[in-house]
Amino acid sequence: MWRVVKVLLVVIAAAAPSAISSRAVVGERGTTLCDPPDFRLEPGGSFTAAVDTAAGSVRLGLAVDFPRKALTSFGSAASLAFLDSDSVPLYEATLSIEEDPSLAGFGERALRLKFDSIAPGGGRFTLLDHYESKAANQSGGINCLIAEFADGAASFSTGGDRMAPAGSARCRAGFASVRLSVNRPMEVRRMEISVLEDFPATLMTGWTAESLADYFAASTDPLEGFWSYLDRDNDPEWAVPGGFYELAVVRNADTAAYDIIYLSGAEVGGSRWRPGMRKGALTPTIFADHYRLAWTDARFLSDYAEATADLSLSNTVLTLNFPLHRSQLRFSRRLVIRR
């Protein structure tokens with residue numbers, strides 16, 4: 001449901017550039033290809049990390065300390081070039097501090113993300129041009145970029161103390177390495193690149209809309225059934241919807257929980273969500289019509305502590321509660337003709 005935007009990249013211990021190294025580390029969601037200690041980057045220099053996009057989707061996190069003085073912060077930029085196997089640029093993402101064009105003439109600054117496609121002859125075509133003012137450090141300091149490449153598309157978030165969605169763009173091909181460069185001396189606080197597992201395959205169940213309809217026609221369980229998006233109550237600085245979902249809730253024959261099955265409606269990462277995938281689970285508590293909620297969001301993240309769900313209004317409304325993300329999502333029951 002949610003794509004989490006309240007993220008602060010962790011600052012790690014400093015080291016001299018000569019100490020920078022990359023090693024693959026296998027983690028819960030995949031393999032970390034690059035996560036060097038802090039380093040300083042000068043104009044004309046660069047840092048390059050190899051990436052195997054054929055191994056899975058790629059997630060990149062970057063945190064750069066932009067110049068903090070008023071005159072030097074303006075126009076400062078950090079650029080990520082995405083290169084093919086011959087080190088020829090395919091795409092370039094540039095994070096810079098610029099004047100916000102929506103407030104032209106007022107001298108208001110914003111953190112700009114510009115994502116370009118680069119043709120074989122060097123010509124450029126801008127795929128995304130986003131200005132972020134509320135979530136960013138417009139006058140210098142640490143600003144961050146999160147990019148995820150999956151299924152022929154790239155999605156981005158930018159910000160300073162918190163992150164905000166910056167948009168997405170289609171990508172025609174994979175890349176073999178990523179090269180970071182700057183136009184002013186900057187401290188790189190984080191540059192982490194990971195290849196993520198194929199989570200959609202692990203979430204797929206044997207349920208289809210047709211088999212669920214047949215099952216629900218004979219069910220008398222008040223929680224089981226089809227559920228359609230109704231409304232929401234959320235703080236967009238903490239979380240934003242991943243789509244207007246159609247879901248099903250069905251008892252898991254092997255556990256005491258109910259599975260939440262995705263049917264349709266995903267907008268964020270929509271090409272990766274397929275009908276029949278497990279979106280979450282509901283576990284009964286000692287309180288009537290109250291459940292513990294496990295949830296997998298639009299980007300296949302599941303860190304939703306203290307999430308709960310409630311069944312109300314004569315079993316016609318299912319409310320999903322995410323208190324640590326200041327958000328709530330409601331679904332209404334869809335009529336099923338029972339046998």
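The values are calculated or read from the model by the stated rules, or taken from the named source; none is laboratory data. These numbers come from a predicted model, not from an experiment. Glycine gets a Cβ as well: all are built from the backbone with ideal geometry, and neighbour counts include every protein chain shown. The area values use the complete protein model at the heavy-atom level, side chains included, leaving out ligands, DNA and RNA. Shrake-Rupley method; radii C 1.70, N 1.55, O 1.52, S 1.80 Å.
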**Request:** Kindly establish whether Gly75 is in contact with a helix residue (DSSP H, G or I) (Cβ under 8 Å, 6 or more places away or on another chain), in contact (Cβ under 8 Å) with a residue 40 or more places away in the chain and open to solvent by less than 60 Å² (accessible area, probe 1.4 Å).
**Result:** no
**Request:** Please specify each residue of the stretch 165-176 satisfying the condition of being part of a strand (DSSP E or B) and either surrounded by fewer than 19 Cβ atoms within 10 Å (Cβ to Cβ) or free of Cβ contacts under 8 Å to residues at least 40 places away in the same chain (or both).
**Result:** Gly167, Ser168, Ala169, Arg170
**Fill in**
For Gly243, the lone unmet condition from (1) within 22 Å of Gln328 (Cβ to Cβ); (2) over 18 Å from the mean Cα position of the chain (by Cα); (3) among the small types (Gly, Ala, Ser) is (2)
**Item:** Qualifying residue in the stretch 96-104 (condition: open to solvent by 60 Å² or more (accessible area, probe 1.4 Å) and polar (S, T, N, Q))
**Value:** yes
**strands (runs of 3 or more DSSP E) completely within the stretch 226-267 that count 3 or more residues being modelled with pLDDT of 95 or more and of a type outside the set (Val, Ile, Thr)** = 243-251, 258-266
**Item:** Selection count where residues are part of a strand (DSSP E or B) and not aromatic (Phe, Trp, Tyr), scope the stretch 321-336
**Value:** 8
**Asked** Filter the stretch 177-206 for residues that are open to solvent by 70 Å² or more (accessible area, probe 1.4 Å) and within 28 Å of Tyr262 (Cβ to Cβ); which is farthest from the chain's Cα centre (by Cα)?
**Response** Gly206
**Asked** What single numbered condition from (1) under 24 Å from Leu41 (Cα atoms); (2) open to solvent by less than 40 Å² (accessible area, probe 1.4 Å) fails to hold for Asp161?
**Response** (2)
**Message:** Which residue is most open to solvent (accessible area, probe 1.4 Å), if the candidates are limited to the stretch 281-311 and must be among the hydrophobic types (A, V, I, L, M, F, W, C) and not in a loop (DSSP other than H, G, I, E, B)?
**Reply:** Ala294
**Message:** Taking the criterion of being small (Gly, Ala, Ser), open to solvent by 10 Å² or more (accessible area, probe 1.4 Å), in contact with an Asp or Glu (Cβ under 8 Å, 6 or more places away or on another chain) and farther than 13 Å from Asp297 by Cα, would at least one residue in the stretch 230-253 satisfy it?
**Reply:** no
**Request:** Just give me the residues in the stretch 256-280 being of a type in the set (A, V, I, L, M, F, W, C) and surrounded by fewer than 19 Cβ atoms within 10 Å (Cβ to Cβ), in sequence order.
**Result:** Ala256, Ala257
